[in-house]
Structures are given as C-alpha cells and as structure tokens.
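The structure appears right after this line, and notes come after that.
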C-alpha cells in the first residue's frame, strides 16, 4: 500500500522539437547528383543560405501532401508570383509527383515534374541497392521548348556508395554531336578527413574529352566531425579548387543546445528545451586573374546563421558584399501544418529595403515534441528515468544521451534520424 500512495514523481525531461524541414525530401535528391557536390558541407550550406529566404517582391507558395491511404507517394506544388507593380503579375507554377519504394529508404524512387516554365515535363528515377552499394539514376526532360545544351536531352548516371568511398559517372546518352560529354567523381573518407576529385568539362563543350586539361578538374579536402542527425552537433571545414580558376573556403557548424524554460502549457517536469543553431560562411576567391578590376561578386563572400527556438519559430540571417537578408518563419503544427515566412532584403548600395513572403502547407509529419531524459545535457545523471510515471504519461521512455552518442536512432522519428551513412 505504501508504494501505491508514495509513487515517485515523473522525472524531469527536456523537450526536443521537430525540425522545420523534412530531411527525406532532401535525401531523395542527393542520389541524382555527384557525391562531390553534396559533401564538404555543401548541402548544409545550400540549405542555410537559401531555405526560407524568399526573393524580393515575390510571394512563394508551397504545398506538400502525402495521402494517409498510401504514404509511398507525395505531391509538392509551388506557385510563385511577383508583387512588383512595375513588372506586373508573373506567375510560375510547378508540381512534383513522387513515388518512393521504402519509407525508410528514400534512395529508390521515381518522380514526375510539371511546370509552366522550362522544362515543361521532366521524368526522374533512381534505384539504389544498399547490399551491394551500387545505384543508377536518370533525368529526362520529356517536353521542353528548346533543346540547346546536351543536358536538355537528359542524362544517366551510375554510382557506388559506402561509408568510406563513393565514385560514379554521368553520361549524356542523347548527344547533339558525336562527342559524349561526361562527368565523373571519386570521394573518399578516412576518420574525420574527406578527399574528393571531380572531372567536369566546361558546359557546352563540343571538344573530345581531354583528361589532361586542368580546367576540367576540381579538387576538395574537408575536415568534419559529427553525424547528419539534427540531434548531434557537427562541423565541417573545407577547401576546394575549382577548375584552376577559383578557391572556395567554407565552414559550417550545427549546434544543439538546451536552455531552461518555464512554459505554463507544458507539464511541471519539463525543465528545458532543445535549440538548433547553425552557422556558416563561404569565401570564393578567383586565382586566374580574369575578374575585372573594381567589380564585386555577390557570391564571393557569404555569412549566414539560423536559430530554431522551438517547434514554432525560426530566425535566419545572411549577409554579403551587396546585400543582407533577414528571415522570420512561423510554423503552426495543425493538421495540415502551416508555415508563414517573411524576408527583408537590404541593398547595401542603395540602402533600400524590399520584402518577400512565403507560405507553406504540409501534412507529411507528426507535430509532437520528443522527450529527452534529464541526462541529455542539463541535469546530473541519475536513475529517475526508471520511474513508472514516464511510461504512464508519455507512452514510452524518453531518449537518452548515451543512445545519441552511440548513433542508435531506431526509436526516433524519421526527421530526427541521419539521412544515411552512404556517400
């Protein structure tokens, strides 16, 4: 009877909010491009510099739907319209219908892209076999107004990927001349060091392949730590020499921090919340001497930072030589969820400010917080996580820091797991 009346209270927990974006949609695209273009922090920096930053005087609307009856398919539709009275209304609409074979493996899929712009109709497909590490992919513009470049006829690729090595090649099976343009890459990883080489002849080149031409080669070296799960801190520093003309230096860091919180809408045992902080910069320097004197390239220098305070608010900012931009995004986790973002762009030359707006609707994720045990960061390790109240109130025991450190993500939602260990 004493145990019935003197039960231990539930242990304190730390909230772990879901991230704003859905990684499997990004993971699906990574099989269609060389691993060289995604490693060395490139994918993370691209998301940091571009996501939720809308163009000036433009309204961008995106709808992401996944039917409950068949979660293997999804639809992403976007509509962009100009808000500039001088240029008038310019509306561009796109729709992407996708089928994915395995919900836990986004690397085998087929999708159909329809647009009011160029290309009008495009087919993409990828098949990857994890047991042997080999995969094949292809992108084919079915309907397009003008076929000028070899890429307008589509291309196919073969690749191999494991935890330590990735190599592959892209072929143009429908060339406009007797020469077949080709791109190839090799990327390897040992410990925290990553090395990569890519052969990519100049766009539109009709010359026979010349592997001795140094302007067709790019080299990169990167040093990084951590997995690509949002729950694991990570960083990456890289140097890249692009076709003997540019030297690119980049750095990206993802921080996972906990702060104490007093939220009257949460249970008393909630003592903290997890925040995601991202920081990155990219510096591009020309080394071939072809840059005109006195010119300023906006892409030559960028710094950006992002802070997700909880599951509802995301704040981002970036700056460069010509302009700076600030973005505030709010997500309401209804069914479906709704995201509204506003971007302010400041032109450094004129001092004028302009604004862009974004609206996103999706029904592809669950909105709930995850619970982390008190050992996660904030509190002294103890055995209170064995209390019966955890199972009674939350339905399952919270996740533990030891499991995160050992990369055991089996019990986590799909959006909090790493994209995958393959290159």
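The values are calculated or read from the model by the stated rules, or taken from the named source; none is laboratory data. If you're wondering where the values come from, they're calculated on a predicted model, not measured in any experiment. With ideal geometry, Cβ positions are generated from the backbone for all residues, glycine too; neighbour counts draw on all protein chains shown.
Whether a residue is assigned to a loop (DSSP other than H, G, I, E, B), at pLDDT 80 or above and under 28 Å from residue 317 (Cβ atoms) was assessed, and residue 39 passes this test.
Taking residue 67, is it more than 26 Å from residue 314 (Cβ to Cβ), surrounded by 14 or more Cβ atoms within 10 Å (Cβ to Cβ) and at pLDDT below 85? No. Of the strands (runs of 3 or more DSSP E) lying entirely inside the range 61-163, those containing at least 1 residues that are within 30 Å of residue 195 (Cβ to Cβ) are 105-115, 121-129, 134-143, 155-161.
Number of residues in the range 189-200 that are assigned to a strand (DSSP E or B) and surrounded by 15 or more Cβ atoms within 10 Å (Cβ to Cβ) equals 7.
Taking the residues in the range 351-378 that are assigned to a loop (DSSP other than H, G, I, E, B) and under 30 Å from residue 12 (Cβ atoms) as candidates, determine which candidate is modelled with the lowest pLDDT. Steps first, answer last, please.
The initial filter retains those residues of the range 351-378 that are assigned to a loop (DSSP other than H, G, I, E, B), namely 351-352, 363-369, 373, 377-378.
From what's left, under 30 Å from residue 12 (Cβ atoms): 365-369, 373, 377-378.
Details: 365: 70, 366: 62, 367: 57, 368: 63, 369: 65, 373: 60, 377: 46, 378: 42.
Among them, the one singled out is 378.
Could you tell me how many of the residues in the range 45-56 are assigned to a helix (DSSP H, G or I) and either surrounded by fewer than 22 Cβ atoms within 10 Å (Cβ to Cβ) or at pLDDT below 85 (or both)?
From the range 45-56, those assigned to a helix (DSSP H, G or I) are 45-50; that's our starting set.
Now narrow it down to the ones that are either surrounded by fewer than 22 Cβ atoms within 10 Å (Cβ to Cβ) or at pLDDT below 85 (or both): 45-47, 49-50.
Going through the range 45-56 one residue at a time, the tally reaches 5.
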